Amino acid sequence: MRVDFYGLAFETAQVTFHLWSPWRAAALEHRLFDAVRAVAQGEPEEAPDEWRLRVTDPKVVRAALQGVVRVLKGWQEEADPSGERRSWRWLLEGDTDGDGYDHAGEPVGLWGILRVSLDRGGPGEQEKGEDIDMEGFGLRIWGAPAARK
């Protein structure tokens with residue numbers, strides 16, 4: 001399937017949304033995963049330390065990403081307009097060896113996690129900023145398996 005991720009096009013067999021360590025994930029991370037679950041209309045695979053939702057339909061991936069954006073926009077609107085500004089961005093990462101496998105021996109994939117930023121301060125106050133990586137929620141765009149040499 002062909003997946004569009006903010007103007008970047010990927011050819012992949014599936015996209016997997018993760019909620020790691022559900023018992024200690026932030027409420028925002030749970031809301032993000034619940035938004036994806038509602039769109040995917042499926043029950044997540046539950047492992048001891050994570051929940052996974054595998055998506056193989058590009059329309060569902062697009063709708064899931066839109067659900068994530070809606071949750072994040074709502075989170076931004078919850079900020080106190082007089083003293084707090086909230087923003088967010090996707091961080092993408094991947095690692096590979098020369099043969100197309102990651103550090104765990106799996107075919108290379110692209111991982112996405114969210115970073116949220118809180119900027120606090122009012123008129124006459126020094127601004128205080130804080131970046132928080134939402135390490136409990138993320139997605140994986142799977143790569144095609146390469147032939148081992």
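The values are calculated or read from the model by the stated rules, or taken from the named source; none is laboratory data. Note that the coordinates shown come from a computational prediction; the quantities given were computed from them, not determined experimentally. Methodologically, a virtual Cβ is constructed for each residue, glycine included, from the backbone with ideal geometry; neighbour enumeration extends over all protein chains shown. Side chains are part of the model used for accessible areas, which takes the heavy atoms of the whole protein and leaves out ligands, DNA and RNA. Shrake-Rupley method; radii C 1.70, N 1.55, O 1.52, S 1.80 Å.
At most 12 other Cβ atoms within 10 Å plus a DSSP loop assignment makes a site exposed; report the longest stretch of the chain without any exposed chymotrypsin sites (Phe, Trp or Tyr not before Pro). Write down the numbers at each step before the final one.
Details: sites that count: Tyr6, Trp23.
The longest uninterrupted stretch comes out as 24-149.
Subtracting the Cα-Cα distance from 0.36 nm times the residue separation, let me have the gained length for Ala27 to Glu135 in nm, one decimal.
Numbers: separation 108, 0.36 × 108 = 38.88 nm, distance 1.24 nm.
Value of the extension gain: 37.6 nm.
Note down the relative contact order for the chain as a percent, whole number, built from C-alpha pairs under 8 angstrom at least six residues apart. If you can, show how the numbers build up before the last one.
Working: 275 pairs, mean separation 40.0, N = 149.
RCO, the chain: 27 percent.
Work through the residues other than Gly74 whose Cβ is under 11 Å from its Cβ and net out their charges, Lys, Arg +1 and Asp, Glu -1.
That works out to +2.
Express in nm, to one decimal, how much length is gained between Met1 and Val69 on full extension, taking 0.36 nm for each residue of separation and deducting their alpha carbon distance. Spell out each step's value before the answer.
Values: separation 68, 0.36 × 68 = 24.48 nm, distance 2.18 nm.
Extra length available between Met1 and Val69 comes to 22.3 nm.
Which whole-number value in Å² is the accessible area per residue of the chain, probe 1.4 Å? It would help to have the intermediate numbers written out before the result.
Numbers: 8810 Å² over 149 residues.
I get 59 Å² per residue for the chain.
Would you mind getting the Kirkwood hydrodynamic radius of the chain from its Cα pairs, rounded to one decimal in Å?
Details: mean 1/r = 0.0596 Å⁻¹.
Result for the chain, one decimal place: 16.8 Å.
Could you give the angle, 0 to 90 degrees to the nearest 10, between helix 58-77's Cα long axis and the longest principal axis of the Cα atoms of the chain?
20
Can you show me the helix-derived [θ] at 222 nm for the chain, built from DSSP H runs with n ≥ 4 at -39,500 (n - 2.57) apiece and divided by the number of residues, rounded to the nearest 500.
Working: 2 runs with 34 residues, N = 149.
Helices in the chain give a 222 nm mean residue ellipticity of -7500 deg cm²/dmol.
Check each of the GluC sites (Glu not before Pro) in region 57-86 and keep only those in coil by DSSP with at most 11 other C-beta atoms within 10 angstrom; list them in order. Kindly include the intermediate steps, with their values, before the conclusion.
Working: sites: Glu77, Glu78, Glu84; in loops: Glu78.
Counting only loop positions with at most 11 other Cβ atoms within 10 Å, the GluC sites (Glu not before Pro) in region 57-86 are Glu78.
If you line up the long axis of helix 27-40 against the longest principal axis of the chain, both from Cα atoms, how many degrees apart are they, to the nearest 10?
Here the helix axis deviates by roughly 50 degrees.
Given the options Leu53, Gly100, Val116, identify the residue whose Cα lies farthest towards the positive end of the charge dipole of the chain (+1 on Cβ of Lys, Arg; -1 on Cβ of Asp, Glu).
It is Leu53, whose Cα lies furthest towards the positive end.
7 Å from Cα along Cα→Cβ at both Trp90 and Ala47: what's the point-to-point distance in nm?
Taking the two extended label points, one gets 2.2 nm.
If you roll a 1.4 Å probe over region 14-145 with all protein chains in place, what percent of the accessible area is carbon or sulfur? Mind showing how you got there, number by number?
Values: 3590 of 7430 Å².
Of the solvent-accessible surface of region 14-145, carbon and sulfur hold 48 percent.
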